[in-house]
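Below is one structure, written out as structure tokens; the observations come after it.
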Amino acid sequence: MIDILAKLTAVLLLALIADALFRRSPAALLHRLWTGAIICALILPFVHLPQRAEANTIYVLAAAPLEAAPISQAPASIPLATLPGILFACWTAGAVLVALRAAFGLFQIWRITRAASPLPTPTAPVPIVLSSAIPVPMTWGVRRPVILLPTGASEWPDSRLRSAIAHEVAHIERRDWLVQMFALAVCSVYWFHPLAWLAARRLSSHAEHACDDRVLLSGTTPADYAADLVEIARDARTSSAAALAMSAHDLEARVCSLLDDHRARRSPGRLALALASLAAVLCLAPLAAIRLAAQPGPGRLAGTVQDASGAMVPGASVGAENLDGDNQEAAVSDDAGHFRFAGLPAGRYRITIQARGFKPFHSSPITVGAGEASLAATLQLGGVFEQVQVTAPRSSPLPPRTPLRIRVGGNVQATRLLQRVNPAYPAHAAAAGVEGTVLLNAVIGTDGVPRSLTVLSKSADSELVAAAQDAVSRWLYQPVLLNGVPVEVVTTVAVTFRLN
């Protein structure tokens with residue numbers, strides 16, 4: 001938001017400076033300048049949408065963990081910062097009030113138009129109506145524009161009536177009402193920014209001057225037209241709808257502009273307006289691509305450590321490694337399974353969690369900024385590994401060979417073997433000098449019996465595989481208990497057949 005407001009201020013200040021430098025340029029050209037500034041102000045929030053950031057909350061699905069005492073406390077919710085919420089509520093309230101005020105004004109104009117009576121002798125290509133609620137001539141609408149005149153306009157001199165209608169027709173041809181609605185939208189979004197209201201006022205002022213220039217170019221003398229404006233303003237002061245009447249400042253500025261012989265009045269052509277619009281875009285649009293260098297304060301990261309049953313895991317070691325820096329932080333989950341890092345430098349962090357009986361947990365990079373990031377981690381169950389070696393006398397000596405070594409990594413002793421049946425070395429394989437290691441994968445059931453035996457070493461001898469499967473299937477484990485309830489766990493068994 002600060003970045004958007006800084007760019008908005010720069011855009012409107014540039015438009016204000018250009019307005020002052022080229023104040024004697026045609027009003028239509030200055031109106032186009034402010035139109036570009038208003039459009040840039042409208043699109044700033046959209047071109048400045050934040051880039052998609054990595055999620056700050058990670059949920060990890062895992063198998064049943066090994067051991068964790070059930071804890072009844074629920075994870076405490078992490079409170080959100082209250083200041084951004086208060087600021088957002090204030091901005092929303094102001095924007096809604098300004099928008100409601102504008103909507104009420106449009107509704108009033110619609111009701112006045114519905115109740116108005118048509119001008120007896122219309123002299124314009126659009127409907128002209130008379131209403132006592134209108135103090136000064138005005139127009140509104142895009143697809144079906146309407147010109148509203150005060151009731152006394154029917155008694156005006158023909159020259160004054162023609163000038164007033166020509167002025168309003170110029171507004172319709174220039175689409176000034178639509179542009180003014182854009183300015184009203186900018187005031188609703190940036191209601192707290194004084195330059196937004198100044199931009200809307202300058203836009204309306206230049207629109208009036210541009211339409212006055214068209215009236216003068218049609219052949220009306222400046223002195224006569226200025227006198228007509230003064231008479232219209234004098235009649236408006238007696239009206240009850242003073243809010244719609246032109247102010248003394250606006251009247252003075254318009255009269256001075258009409259009587260200024262050195263002011264350029266000829267409206268630029270379409271090519272000149274197009275070039276002016278392009279220049280405004282080229283000057284103002286690059287601001288949308290510039291991002292202010294952020295200086296985030298110390299960040300916070302908090303989270304919970306739990307198992308698949310939802311019970312919290314206390315005493316887990318939690319490490320935070322800054323991927324964008326060189327700092328590493330450490331913490332331990334409390335009795336409720338919560339951990340918290342405060343005062344972290346901004347950056348991307350990888351969280352590592354280790355607990356007895358569980359596999360190490362590694363998170364995806366988490367972006368830590370000025371706010372508080374969160375992490376909900378579910379630990380995976382550590383695997384079980386058993387190894388047994390079966391020997392038999394060698395019938396004939398063989399040359400020494402490098403023994404086969406099995407790399408075991410990261411597994412935890414998850415249960416205790418109660419009954420082991422040693423495999424018998426197959427006689428035919430021993431006589432043939434066959435050796436090898438059979439890797440089996442099994443699931444220890446809740447009753448402690450291995451099931452679903454799967455052979456992992458596809459190159460092992462079939463007789464050795466059969467002997468290993470037969471023996472391991474008769475083993476008996478103490479069941480794994482998770483929070484006092486037996487659960488299944490995966491185990492890996494290595495049976496090595498070797499000749500002496």
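Specify the residue that is nearest to the chain's Cα centre (by Cα); the eligible residues are those in the range 11-28 that are exposed (fewer than 15 other Cβ atoms within 10 Å of the Cβ) and assigned to a helix (DSSP H, G or I). Taking the candidates together, the pick is Leu13.
For the range 111-119, the criterion of a residue being part of a helix (DSSP H, G or I), exposed (fewer than 13 other Cβ atoms within 10 Å of the Cβ) and basic (Lys, Arg) is satisfied by at least one position. Being at pLDDT below 85 and assigned to a loop (DSSP other than H, G, I, E, B) is the filter here, so list the residues in the range 410-432 that pass it. Passing the criteria: Gly410, Asn411, Val412, Gln413, Ala414, Thr415, Arg416. With a requirement of 1 or more residues that are within 30 Å of Cys90 (Cα to Cα), at pLDDT 85 or above and of a type outside the set (Phe, Trp, Tyr), the helices (runs of 4 or more DSSP H) lying completely within the range 167-275 that satisfy it span 176-189, 194-217. Looking at the structure I just gave you, is Ala53 touching a strand residue (DSSP E or B) at 6+ places or on another chain (Cβ under 6 Å) and modelled with pLDDT under 85? Spelling it out, Ala53 is indeed touching a strand residue (DSSP E or B) at 6+ places or on another chain (Cβ under 6 Å) and modelled with pLDDT under 85. Can you find even one residue in the range 183-204 that is surrounded by 16 or more Cβ atoms within 10 Å (Cβ to Cβ), within 21 Å of Ala28 (Cβ to Cβ) and touching a Gly at 6+ places or on another chain (Cβ under 8 Å)? For the range 183-204, residues surrounded by 16 or more Cβ atoms within 10 Å (Cβ to Cβ), within 21 Å of Ala28 (Cβ to Cβ) and touching a Gly at 6+ places or on another chain (Cβ under 8 Å): absent. Of the residues contained in the range 140-156, one or more are found to be more than 40 Å from the chain's Cα centre (by Cα) and part of a loop (DSSP other than H, G, I, E, B). Please identify the pairs in which a residue from the range 470-494 that is acidic (Asp, Glu) has its Cβ atom under 8 Å from the Cβ atom of a residue that is crowded, with 16+ Cβ neighbours inside 10 Å, counting only partners at least 6 apart or on another chain. The qualifying pairs are Asp470/Pro423; Glu488/Ala64; Glu488/Ile444; Glu488/Gly445; Glu488/Val480. For the range 360-392, which positions are modelled with pLDDT of 75 or more and of a type in the set (Asp, Glu)? Residue satisfying the conditions is Glu372 alone.
The combined condition, being under 26 Å from the mean Cα position of the chain (by Cα), of a type in the set (S, T, N, Q) and at pLDDT below 85, is not fulfilled by Ser72.
Screening the range 142-160 for residues that are more than 17 Å from Cys211 (Cα to Cα) and among the small types (Gly, Ala, Ser) and picking the one that is surrounded by the most Cβ atoms within 10 Å (Cβ to Cβ) gives Ala153.
Hey, any hits in the range 457-467 for a residue that's in contact with a strand residue (DSSP E or B) (Cβ under 7 Å, 6 or more places away or on another chain) and closer than 25 Å to Asp307 by Cα? Scanning the range 457-467, I find no residue that is in contact with a strand residue (DSSP E or B) (Cβ under 7 Å, 6 or more places away or on another chain) and closer than 25 Å to Asp307 by Cα, so the answer is no.
The values are calculated or read from the model by the stated rules, or taken from the named source; none is laboratory data. What you see is a predicted model; the values in this text were computed from it and never measured. Glycine gets a Cβ as well: all are built from the backbone with ideal geometry, and neighbour counts include every protein chain shown.
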